[in-house]
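Any read-out appearing in this document is the output of simple, stated calculations on the displayed coordinates, not a laboratory observation. Note that the coordinates shown come from a computational prediction; the quantities given were computed from them, not determined experimentally. Methodologically, a virtual Cβ is constructed for each residue, glycine included, from the backbone with ideal geometry; neighbour enumeration extends over all protein chains shown.
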Amino acid sequence: MGGDGGVENGSVRYPVFVELAGRRVVVVGGGAVAVRRLTDLLAAGADVTVIAPSYDPAIAGLDVTIEHREFAPADVDGAVLVLACTDSSRVNAAVAAAAERRGIWCIRADDASRSRAWRPASAQIDDVTIAVSAAGDPTRAAGLRDAIESQLRNGQLGGRRVRRGEDSGRVVLVGGGPGDPDLLTLRGYRALLAADVVVTDRLGPTGLLELLPPDVEVIDVGKTPGGHSAEQQAINQLIIDRAGRGDLVVRLKGGDPFVLGRGSEEVDACLEAGIAVEVVPGLTSAVSAATLAGIPLTERGTTQHFTVVSGHVPPGDDRSSVDWALLAATDATLVMLMAVANLRAIAAALIAGGREASTPAAIVENASLPQQRVITATLGELADVADAQAVVPPAVVIVGDVVRLSD
Ligand SMILES: C[S@@+](CC[C@H](N)C(=O)[O-])C[C@H]1O[C@@H](n2cnc3c(N)ncnc32)[C@H](O)[C@@H]1O
């Protein structure tokens, strides 16, 4: 009641959003309906006067002027909008008549058919306002509003913004997970659907990019394993330039942006350039590859800790800051990323440091993708088996007694 306009009795209603900030709005009535309407009116910045001989205590705490008395027609003077929310249709009719005589829009809460203005079922999601009218049926309008709202929130409806000249661009670093699109977060998916430009890596849910509208620019900056910092600077510059142009740039990265992904360098570069940047976490391959292979990284009675290590430089290399001897001396599960090329040297360093050559180990190649392979061997034989099976990146190497539990 009182809500919803649209098409009724064959006559078409004209939908419009109005600016109420600082404008006088009169609400007649002080019950539960008035309380609900006041929340929205105050959110819109309206200068609200409530006229009611008695009123809900919740109204006393609101930033409104309260006239504690019966309604008089002159109360609507100077208002741009009037809401008749009393439980008396006689009073509501008098309010509507007073507004009508002065050419002021009035919404009647008790009888939509006698209103000259209606409130749609509405919702606000980020910068999108939904307002639904359904031929005078407020329940149907609310149901439609809920359906649209939930589809916007869960990414089924994209809602890409239309670019305006004054829009300022920004960057969203999205952790894409290990590669299966189903393992991208909803927040990441929503960012992708809203993007003007997607700057993508080789890893992550690249299969999703084909589903983007053709006017979304997709730039593949997939680095070869061990890519150089010059490439990274060029990527930083690219996302800054595109955001500087006003674009919403999604920087889609594999796994989590802050796990061996140089995401923090990209954030720093944006901030230094004065570009707004947001980070959406992702499911790191360091954890998900093991789970997808059925290997628990910790297990009561086996080990209480796991360590994630980059194997992109071999043990003993000047560029390595990993203490392999220390890692060898614990019972922690070791999870190694970017370790395929240095597998033989890493296994040798771990055995030299005290890990048994018989320690179970696994390689999870292309975790989550249709071509996922899980190869198991002892630590002592791992490099030979990897060579024999022609293991290639991306792969996660797991060493520890927990590997046995996957059986
Ligand atoms: C530069 S690191 C990026 C890690 C990423 N930020 C993460 O959190 O997963 C690249 C390494 O991640 C691992 N990796 C990423 N995706 C993988 C996948 N689907 N299967 C196996 N390993 C993966 C591999 O070790 C690969 O060499």
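The table that follows gives values for the structure above.
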| read-out | value |
| --- | --- |
| Signed unit charges on C-beta, dipole axis of the stretch 41-174, positive-most listed residue 42, 95, 130 | 130 |
| Bins of 10 Å from zero: percent of alpha-carbon pairs in the stretch 225-354 | 11, 33, 30, 19, 7, 1 |
| Burial order of peptide ranges 369-379, 330-340 (average beta-carbon count within 10 Å, highest first) | 330-340, 369-379 |
| DSSP-loop GluC sites (Glu not before Pro) across the stretch 11-83, with at most 10 other Cβ within 10 angstrom | 19 |
| For the stretch 170-283: rounded, prolate or oblate by the Cα gyration tensor [a/c cutoff 1.5] | rounded |
| Counting DSSP beta bridges with both ends in the chain, the antiparallel % (nearest 5) | 35 |
| Peptide ranges 317-329, 136-148 listed from the most packed, as the mean C-beta count within 10 angstrom indicates | 136-148, 317-329 |
| CD proxy at 222 nm, helix term only [per DSSP H run n ≥ 4: -39500 (n - 2.57); per residue of the chain; nearest 500] | -8000 deg cm²/dmol |
| DSSP H segments from the chain that extend 15 Å or more along their own axis, Cα-based, with Kyte-Doolittle mean of -1.0 or above | 32-43, 89-101, 138-153, 229-244 |
| Counting all C-alpha pairs of the stretch 286-406, share separated by more than 18 Å (%) | 44 |
| Additional length obtainable on full extension of the chain from residue 291 to residue 93, 0.36 nm per residue less Cα span | 64.7 nm |
| Volume of the Cα convex hull of the chain, divided per residue and given in Å³ | 205 |
